[in-house]
Amino acid sequence: MGDMTNSDFYAKNQRNEGSHAGGFGCSLMDLRTLMELRGNDAIVKIQEDYGDVEGLCKRLKTSPTEGLAGVATDLDKRKETFGRNLIPPKKPKTFLQLVWEALQDVTLIILEIAAIISLGLSFYQPPGEGNEACGAAAGGVEDEGESEAGWIEGAAILLSVVCVVLVTAFNDWSKEKQFRGLQSRIEQEQKFQVVRGGQVIQLPVADIVVGDIAQVKYGDLLPADGILIQGNDLKIDESSLTGESDHVRKAPDRDPMLLSGTHVMEGSGRVLVTAVGVNSQTGIIFTLLGASGEEEEKKEKKDHSHPSSHPIATITTDGAAGAAGSASLVNGKMQDGNLENSQTKAVKKQDGAAAMEMQPLKSAEGGESDEKEKKKVNVSKKEKSVLQGKLTKLAVQIGKAGLVMSAITVIILVLYFCIDNFVVLKRPWLPECTPIYIQYFVKFFIIGVTVLVVAVPEGLPLAVTISLAYSVKKMMKDNNLVRHLDACETMGNATAICSDKTGTLTTNRMTAVQLYVADVHYKEIPDPSVLPPKTLEILINAISINSAYTTKILPPDKEGGLPKQVGNKTECGLLGLVLDLKRDYQPIRDQMPEEKLYKVYTFNSVRKSMSTVIKLPDGSFRMYSKGASEILLKKCSRILNETGEAKLFRPRDRDEMVKKVIEPMACDGLRTIGVAYRDFSASPEPDWENEADILTDLTGICVVGIEDPVRPEVPAAIQKCQRAGITVRMVTGDNINTARAIAIKCGIIHPGEDFLCIDGKEFNRRIRNEKGEVEQERIDKVWPKLRVLARSSPTDKHTLVKGIIDSTMVEQRQVVAVTGDGTNDGPALKKADVGFAMGIAGTDVAKEASDIILTDDNFSSIVKAVMWGRNVYDSISKFLQFQLTVNVVAVIVAFTGACITQDSPLKAVQMLWVNLIMDTFASLALATEPPTESLLMRKPYGRNKPLISSTMTKNILGHGVYQLVIIFTLLFVGENIFDIDSGRNAPLHAPPSEHYTIIFNTFVMMQLFNEINARKIHGERNVFNGIFRNPIFCTIVLGTFAVQIIIVQFGGKPFSCSPLDLDKWMWCVFLGVGELLWGQVISTIPNSRLKFLKGAGQLTEKDEVPEEEMNEDNEEIDHAERELRRGQILWFRGLNRIQTQIRVVNAFRSSLYEGLEKPDSRTSIHNFMTHPEFRIEDSQPHIPLIDDTDAEEDPTLRKNSSQPSSPNKNNNAIDSGINLTTDTSKSAASSSPGSPLHSLETSL
């Protein structure tokens, strides 16, 4: 089938062969076959067919320098002939598909089955009604009101299911629609620089046509295939197409082929666009994915393992990357990997439109090949978001409990009936009575199902969906564009944020404020007249020519605004300096246009400098350089003095300059940029490829101090983060003094604290071993105190993020958020739990790898994201607290009522009203609480903190007790209190009794007022706080109240209600209000009094705990190990003594610190412990280690084991299940985390 679609596809294009008639010198197919070649073959082919690239330009009727004329008719003709630059998106899921998906929910399926059975039975009228012999059996089966209204029950259940399904499907649908809108917005915003009519203009990617001349630069994602006309040091990351992780060098004479979907990692250049949209390499792959997509997906699911089932596999080339080999798919291999990828990703992220994101191509993972990607996808699929994991677990647990309860109810009812009838009354089982008995049993079954229905919180999935969808919508207003739903809630658990400096913490408007030139350090920009004219001339030229010509300073958009900075901000700062020196850079650029630049060494993260070589009129060469000052000065051997002459610049002069000029500038938080130049003679022409010889022996011109002011709102935002228990770390490419100064201004570090500010070099020295490998335990010594990492490379950022996430040093796994804007931040953004990309400054690569896009590039928006994330978690906890109270009470009432009075005091339809409406509406009401600042006043919940905290358990049980007492009082003595007829054991066909109506009404009133209690889950006193900020909540509470009045007064038979008078209504409301008062009583009881709650709060803890390193084999605790426990404790006692001795010895040997650093001071006990016989693998921290009998002897031991969660303890000990007794404030320096006893060397 694959071959067919392919040939089919070609046939379609064959019709365009006549396009020579389009007046162009080559057809679509010629260009397509050309673009399938690589490297040398491509050059040969161009020479054979077109002479050279110029020849190809002529055939395509375009000019390499002027570009297309931009005439509308011409552009349309090109679009018609060669196609448009867009790939048609995959069809969205239809609403019905979404409905079908929503129906797959287990609880819903149980409900549907129950409802259908109940419906079927309600239409079944048994014969033998009048048979007296069946005696009491006939009585009380069904009053005729019920039998008429019997179907209502089933119908109501089905209706509830329909509601839930429609809401879920609608949510998914609107989410997908929103996502598509967003996607198209991102696509429209993606502009590209194209030369049209000699002018460089920004064009939406979709408008690019074949024959356009595009300008590519560092960080671009190529939008179409093309051939390089002229390039400066261009390097491309083609890993997304070929899986080849090394960057590929492109040059017009070496390998001129540029492919869409690849990333420019270095350099710049001009490209002739030769294939767009479906005909580009990316497009071809998409067509293959799409054309065979539909039938394929089904196959896909069946056989992931047999690559042969992909049509793609049939055209794989051998090595896939370099071979010019077989047509149309240079990258069969990658596809195979990535097809599943794109689908699993789409599933994983739940955003149906993921397919549109060109997922397979933008693997955005710098050098990772697909195998890694594949692994990664699988891992992330397994690891649900924290909240979902906990909720699934909880729902399953509740479901099991409900099943047990309903089974017991049914069994008790059946037994009671049988014993009562056949044993006590000694009735025979008459065949003609069988249908009646069966009907009895069915009634019991329905009561059982009702109990189950009430027990299962079907509002839960709804609450989660509503809460997330609501948050995402609102976060848009707070400048957070959420690409993956679960990121929003993960953010609430964040414990660390690694932020960029430029643009996130600062305004990203660079202005030059200090200048060192001609031996003078000017604290503000001097008047040009005081500078030596010669120096000034060189300086102006050096800055104007040696910067990307795309960087400009434009007049402000509105009057009185700041001038607009376009392009690289640092270069804008330097160009601003030129303007401050009352000169203009444009004339200089006009007279030395970009084509005339002889060689350009573009800026990259290794060089940290940029240089441009020009040919002077006399044939000699001059190179201008600029870059990080300390790096550039190392390469200078001379410097211009006060008269403008070059004087010698020795290393000791340099050190003095660093001390006197650079450090003071950096301490003011300035970024220091050095500018220099070098002249070369015309002959012999230097070897430009040999960078080491070219970039030395420079002559320094000046050092500029550029300031990027801190955004005014950042210090407050960072303070909020710190209060909320989130550590903010700054990772920047700036030098360490600048970074430290900015960090102090932002409040990331406070003078006098114990923190680390180190640069990339020092960081690598500390975390790598002698072999140069990164060691986790070394990172563990660094990260807890690290606050600023300066002069860092992208790999450092990735290493740091990975190190923090993988660290087992603290018992809660760290949840790390990372901000990034550059292409090189891709890997770190992907590795982090939540990646924030900058919406304005970010490159496409960064956005692709991120989870949330900050549309205003502002750090304070991250704080908003944290607030929303925590709010989602809290909303769901609030809902759970409310829901579980209803469930517990309803289940117990239905159960005991059924067992004692043979009939549930709350009828099925009433239960459903309580269940459905209260659930669905309560989830709406509680899930849409707006976040408050108080959310930021507490520490993050960890990954393994149970969903239901002890306070919540206390509330659930407390309110449950209150409600049960009231309801049972009403049930058994209500008739005497209100002086009405008893509703218990009502005779056949009795109309609904007031007695039972009062019970129902009171129950609902209590729920209503308890809903207000549920608004607070941390034991706050004032439950009304901020209630009017949530109009939805007020509307729902009042609405439910109104509907309840209607049901009671006019509900009649279907709802088994009889109207109540005002007096009784007042009583019901009064008993409801009691909930609020009782709530105050409950919150007075301190949690510490209620020891038993600790267990109850850990509903989801059992299997959540070791989340990180839990290997399957650790899950079963070996019983033999339990026996070993006693021995272990003695073992530890001995160890403790040895430990103290070692400590003393160490302290004497030297200061303890050195002892720690020296590897040889690691005690031999380690080796002892790593022996398998002694390895204690027990990953269940909540089993106290010590039997109480032992504990008496050693009070310190006891103290430690009873609080495994003390946060400042070095918790590796706990991770391996052994609480060592060592002093609790262990220093972070610890040896190999693998060995349980690594806590031996602990600081004194």
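The values are calculated or read from the model by the stated rules, or taken from the named source; none is laboratory data. It should be emphasised that the depicted structure is a prediction, and the values quoted were computed from it without experimental measurement. Ideal geometry is used to build each Cβ from the backbone, glycine not excepted, and the neighbour counts take in all protein chains shown. Ligands, DNA and RNA are stripped out before the accessible areas are found, and what is left, the full protein with its side chains, is counted by its heavy atoms. Shrake-Rupley method; radii C 1.70, N 1.55, O 1.52, S 1.80 Å.
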Problem - Ordering of 569-579, 684-694, 532-542 by burial proxy (mean other Cβ atoms within 10 Å per residue, highest first) - result: 569-579, 532-542, 684-694
Handout entry: Full-stretch length increase - GLU537, GLN193 - with 0.36 nm per residue and alpha-carbon distance subtracted
Key = 120.7 nm
Problem - Amide H within-cut-off set for GLU811, under 5 Å, with H built and near neighbours excluded - result: ASN1211
Exercise for the section: Identify the residues of region 624-666 with backbone N under 16 Å of a label point that sits 7 angstrom from the Cα of HIS521 along the Cα-to-Cβ direction, or state none. Expected result: 629-630, 653-666
Problem - Distant-in-sequence amide H partners of ALA69 (H built 1.01 Å from N, under 5 Å) - result: GLY197
Exercise for the section: Mind giving me the nanometre distance, one decimal, between the label points for ARG768 and ALA646, set 7 Å out from Cα along Cα→Cβ? Expected result: 3.5
Completion exercise
For region 654-716, the dipole about the Cα centre with charges only on Cβ (Lys and Arg +1, Asp and Glu -1), to the nearest 20 debye, works out at 400
Handout entry: Pairs from LYS61/LYS191; LYS250/LYS647; LYS659/LYS830; LYS79/LYS564 whose Cα-Cα separation, in the structure shown, is over 28 Å
Key = LYS250/LYS647; LYS659/LYS830; LYS79/LYS564
Problem - For region 697-704, Karplus couplings with θ = phi - 60° (6.51, -1.76, 1.60), whole Hz, Gly/Pro x - result: 6, 7, 10, x, 9, 7, 10, 10
Practice task
Stick to the Cα atoms of region 647-760, pair each with every other, and give me the Kirkwood hydrodynamic radius in Å at one decimal.
Solution key: 17.2
Fill in the blank from the handout: accessible surface per residue for region 813-897, probe 1.4 Å, DNA/RNA/ligands not counted, whole Å² -> 16
Handout entry: Amide H within-cut-off set for THR506, under 5 Å, with H built and near neighbours excluded
Key = ARG711
Completion exercise
If the label point sits 7 Å along Cα→Cβ of LYS474, residues of region 861-877 with amide N under 14 Å come out as 864-877
Fill in the blank from the handout: Averaged per residue, the 1.4 Å probe accessible area of region 593-692, protein heavy atoms only, in Å², is roughly 48
Fill in the blank from the handout: A correct Karplus calculation of ³J(HN,Hα) over region 404-412, with 6.51 cos²θ - 1.76 cosθ + 1.60, θ = phi - 60°, whole Hz and x for Gly and Pro, returns 4, 4, 5, 4, 4, 4, 4, 4, 4
Problem - Note, ³J(HN,Hα) from phi for region 1060-1067, Karplus 6.51, -1.76, 1.60, rounded to Hz, x at Gly and Pro - result: 10, 8, 4, 3, 5, 4, 4, 4
Completion exercise
For the table LYS235/LYS501; LYS634/LYS761; LYS552/LYS634; LYS634/LYS771, the rows whose alpha-carbon distance is greater than 20 Å are LYS235/LYS501; LYS552/LYS634; LYS634/LYS771
